[in-house]
Each structure stands twice: as structure tokens, then as C-alpha cells.
1. Identify the residue in the stretch 105-131 that is among the hydroxyl-bearing types (S, T, Y) and part of a helix (DSSP H, G or I) and, among all such residues, is modelled with the highest pLDDT.
2. For the stretch 27-79, how many residues are more than 15 Å from I220 (Cα to Cα) and among the polar types (S, T, N, Q)?
3. What strands (runs of 3 or more DSSP E) completely inside the stretch 1-104 contain at least 2 residues that are of a type outside the set (A, V, I, L, M) and either at positive phi or surrounded by 15 or more Cβ atoms within 10 Å (Cβ to Cβ) (or both)?
4. Just one of G192, G177, G223, G203 is exposed (fewer than 15 other Cβ atoms within 10 Å of the Cβ), of a type in the set (G, A, S) and modelled with pLDDT under 90; which is it?
5. Just to be sure before I move on: is A194 in a strand (DSSP E or B) and either among the charged types (D, E, K, R) or within 21 Å of F48 (Cα to Cα) (or both) in the structure I sent?
6. R234 passes all but one of (1) more than 18 Å from T38 (Cα to Cα); (2) touching a residue at least 40 places away in the same chain (Cβ under 8 Å); (3) of a type in the set (K, R); which number fails?
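The values are calculated or read from the model by the stated rules, or taken from the named source; none is laboratory data. Note that the structure is a prediction, hence the values are computed from the model and not measured. Quick reminder, even Gly has a Cβ in these numbers, built from the backbone with ideal geometry, and neighbours come from all protein chains shown.
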Amino acid sequence: MTDYDIEPFPPEREIVVDAGRLGSRRHIIHCLLEADVTRGGSVSFTAFVVASLARAIGEVPTVQAYRSWGRRLVVFHDADVVTMIEPEAGAVAIPHIVRAANRKTVREISDELRSIQLNPASSEQHGGLVALAPRVPRPARGVFYWALRKNPRWFKRLAGTVVVTSVGMFGKGGGWGLGFLPMHTLGLTVGGIAEKPGVHEGGVAIREYANLTLSFDHDIVDGAPAARFAKVTRELIEAATVLGEGNAGR
């Protein structure tokens, strides 16, 4: 009797391996934030973060610029936010792109994410290239990634403009996560949420603080605009601006 199990390596994880390889070659800078997220509402926290991030991008759009052929940058107006959704415990998370998240309410985003979790096949990212890629030889995938990075409009259609990863959704307690950016210019990693004393309305109270990590491609985004964007993002999250849009929090 053996003291171990042998299980098949999921083909979908080949894409994760590719992502790690691509991300290790980039010049990424990280910004660690702590934001007061003490508030109610029936929408998902991921939807709240996606909506807030998209509004922040609307104020500092250059953080989702992409380099095209030659010395040109393509700065998109809409924020297409890709986030990972785990359909069931233990399953490989699937990417889903929330198109034009800056023009959707947090309620609309919340309903969309829950719908995809219940029915992954309804996502436009289900199947297609996502399912085909693990069955293509690695050198051929490398050529595909190279071509994709040279065409920002194509990249936006297939991979969105910004990525949100939640690593703190499976447990309680604080802690930052450092994600890698294989190809995106901007990424947000949602870490843990911890309760601790904080100043609120002139007094001290127990508040909930989320640990957030913003990651930027330093080849595209300089330190000053990255700092401005981090400030705007935290202000929008702490003010819960998106919850007041169209009674989104009800």
C-alpha cells in the first residue's frame, strides 16, 4: 500500500505555467495598500473591487496603456476587467472578462460573476482558445503570446485590459498577496481582510481593512502616475462610491 496518490496534471494548468514564465521576464512594480472596507451590502466583494478599480482607471486611464508596434501606446477608454472564477472547490479557476466594467453598476457586475460561477459555459472565455491552448506545443504558444502582445486591440478582445486576482477569499485574516503579471499592464491582487481599531468619524472603532496589491508594468507606467492611481483607488474603495450608483448596494 502506497502512502501517496498519483493524479493527472490538469491540461489547463499549462497556461498557468506559461503565465509564470512570461511574468518572470517583466519589470513589475508593486504598491501595497490597506483600505477600510467596513460596510454592508449584498453584492460580492469581488464585484465591489472590480467596479471601484474600473472607476479609478477612468480617472487615470494611462495605467492600462499597451505598447503597439514601434513607439506607440494604445490607451483604452473602457476597462475590461478579467477575474478568475472557481466554479467549484478544487476546480481550476476560469478567467472571465467583465466588459466595460467602468460603465456597469456594482450590482450588474455582481450578478454577472454569480451567473458565470453557476454556469461557466455562459462566459465568452469558456472553451475556444482557452481550451485549445494547452493542446498546442509550447513553442507555438510562445509565438502566439508574442503576436498577442504586439496587437493591443487583439489582446483586449482576448484577455481584457486589467486583471483582478483574489487570494484572500478562502479564509479570514490580513495579508498581502504578490501576483505576477504575465501580459497585462495593471493588476490588482486582493489579499486578506482583517479587523482592527481605526479612526472613524472622530472616534476609534473596530473596522475591516482589506490588503490590496496594485502591480504595474514599469516599462509603461511610471512611479508618479502609479502613486496617483493608488491614491484614487483607495479613496474610491473607502468611500464606497460604487455602492451609491443606481442604488447598487440594495
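1. Per the criteria, the residue is S110.
2. Residues meeting the conditions: 5.
3. Of the strands (runs of 3 or more DSSP E) lying wholly inside the stretch 1-104, those with at least 2 residues that are of a type outside the set (A, V, I, L, M) and either at positive phi or surrounded by 15 or more Cβ atoms within 10 Å (Cβ to Cβ) (or both) span 28-36, 65-67, 94-98.
4. Within the list G192, G177, G223, G203, the selection yields G203.
5. yes
6. Every condition holds for R234 apart from (1).
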